[in-house]
Amino acid sequence: MSSANAREDMAMLESLVEEGDAGVRWETARAGRPAPEPESVPVLVIGAGQAGLSVGYHLARLGVRFRILDGAERVGDSWRRRWDSLLLFSAARFDGLDGMPFPAPRESFPTKDEMADYLQAYARRFQLPVELGVKVQRVARHGSGFRIVAGQRSYQAEQVVVAMANYQRPRIPGFARELDPGIRQLDPVRYRNPAQLRDGAVLVVGAGNSGAEISLDLARAGYKVYLSGRDVPALPFRHGGRVARVVMPFLFNVVFHRLLTMSTPIGRKASQGGRTTPLIRTTMKHVRAAGVGRVPRTTGVRDGMPELEDGRVLPVQNVVWCTGFDPGFSWVEDVPLDAHGEPRQVRGEAQGMPGLYFVGLHFLYAMSSSMIHGLGRDAQFVAERIAARVTAPRVSSAIESG
Ligand SMILES: Cc1cc2nc3c(=O)[nH]c(=O)nc-3n(C[C@H](O)[C@H](O)[C@H](O)COP(=O)(O)OP(=O)(O)OC[C@H]3O[C@@H](n4cnc5c(N)ncnc54)[C@H](O)[C@@H]3O)c2cc1C
């Protein structure tokens, strides 16, 4: 491995391991630099992924003046940056946002780049005011609204929407730091394809959907792969098969969207459960058939190499951490958090922080809240709450209601 890769791996680990996301707090104020002059915007939406664009669509429809900020270079980059072989698990009929169906055969599964391009086309079609390359480092209460800081820019907004899924920061165990520096370490956000890896064996830690799919990707490229972790149950039918075509619409439209919501006892119970999703497309059967070695949980490091629960040490040259995500919202100050470390909110309205909203979170209101087909309802609800509070004059909307 090149020393540049090793340095990059260490820097990544230092920023991700254990400390959560406290490391990304805004440093400018502490460094004593003069605060930039804030620009006044009635409503600021942070994030131009599907959640932010949906909120934007509904705000525009209601004639509310707003701006969307995103740290990425292009709309859709959160999809574009995912691994190359990724196909959506939801069929195209469930991948369209309000006002614009996904342009593909209903039962096909788009690639992640097609999804990214769709989001870009969506922003263009509804002329949503997206400012790219603006990474927000701090949101804090200020007067009757909020002060938002992004590098040398700052904004004062009456209302703010943090529009993004919980999958912002990979969670990596602290012992990752003790691995031999020659081991290439990646996570599902930085993994693109097998070419990034060193020659030799790979340990993929975490046997959920990302771990299973990345193991398969690597095994197909000829790597010796170990997949570590407890078995996660799979859907009881083949993804994309005949049964799935009947069952999936029922699951998406009825179970995830209408039944498992915060308005039903069963939904509230489900919202408190774990965050493990069943294996959807790639199951342990596929993984084993591809020659991947299933091994128990990875619990530590011995002599620079990963150590398993059963005491075995695996001499590998690469480790891919698929060990989950942290919400990563420490840059939003003073938000009360729940037991999962996620913002306390009711239908997207942050508790005790009037004017601050979240959209896109896991179980924001329903099981479907973080899924493409489900978040439009939350976005509309939040946009209507914003419109009811906004003091700035409305503008006429080019988007028809309906
Ligand atoms: C591997 C994977 C596969 C998935 N497949 C599907 C699927 O098939 N079907 C489905 O319905 N769902 C799927 N999901 C779930 C969900 O649809 C996606 O995670 C989706 O990307 C969430 O969109 P979002 O807009 O809520 O958040 P994100 O896509 O995470 O977008 C957030 C945006 O906010 C920006 N941002 C973040 N922080 C800041 C900041 N501080 N300042 C400025 N900008 C910021 C980012 O640059 C990004 O553009 C999948 C999730 C994963 C992880």
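If the condition is being among the β-branched types (Val, Ile, Thr), within 23 Å of the chain's Cα centre (by Cα) and over 24 Å from residue 333 (Cα atoms), then segment 348-402 contributes only 372. A single member of 174, 145, 182, 151 is more than 20 Å from residue 358 (Cα to Cα) and either within 16 Å of the ligand (Cβ to nearest atom) or surrounded by 15 or more Cβ atoms within 10 Å (Cβ to Cβ) (or both), and it is 151. Out of all the residues in segment 224-241, is one or more closer than 27 Å to residue 309 by Cβ, hydrophobic (A, V, I, L, M, F, W, C), in contact with a helix residue (DSSP H, G or I) (Cβ under 7 Å, 6 or more places away or on another chain) and assigned to a helix (DSSP H, G or I)? No, segment 224-241 contains no residue that is closer than 27 Å to residue 309 by Cβ, hydrophobic (A, V, I, L, M, F, W, C), in contact with a helix residue (DSSP H, G or I) (Cβ under 7 Å, 6 or more places away or on another chain) and assigned to a helix (DSSP H, G or I). Checked against (1) over 24 Å from the mean Cα position of the chain (by Cα); (2) in a strand (DSSP E or B); (3) over 30 Å from residue 354 (Cα atoms), residue 199 meets all criteria but (2). Considering segment 310-353, the residues that are closer than 21 Å to residue 42 by Cα and without any contact (Cβ under 8 Å) to a residue 24 or more places away in the chain include one that is nearest to the ligand (Cβ to nearest atom), namely 335. Please go through segment 82-125 and pick out each residue that is within 20 Å of the chain's Cα centre (by Cα), more than 24 Å from residue 254 (Cα to Cα) and charged (D, E, K, R). Those that are within 20 Å of the chain's Cα centre (by Cα), more than 24 Å from residue 254 (Cα to Cα) and charged (D, E, K, R): 82, 84, 112, 113, 114, 117. Against the numbered list (1) surrounded by 18 or more Cβ atoms within 10 Å (Cβ to Cβ); (2) not in a loop (DSSP other than H, G, I, E, B), residue 166 comes up short only at (2).
Among the residues of segment 144-155, at least one is modelled with pLDDT of 95 or more and in contact with a Phe, Trp or Tyr (Cβ under 6 Å, 6 or more places away or on another chain). A count restricted to segment 169-194 and to residues that are under 13 Å from the mean Cα position of the chain (by Cα), among the charged types (D, E, K, R) and not in a loop (DSSP other than H, G, I, E, B) stands at 1.
Residues considered: 160, 139. Of these, the only one that is modelled with pLDDT of 95 or more, more than 30 Å from residue 249 (Cα to Cα) and more than 10 Å from the ligand (Cβ to nearest atom) is 160.
The values are calculated or read from the model by the stated rules, or taken from the named source; none is laboratory data. Everything numeric in this text was worked out from a predicted model, so none of it was measured. Quick reminder, even Gly has a Cβ in these numbers, built from the backbone with ideal geometry, and neighbours come from all protein chains shown.
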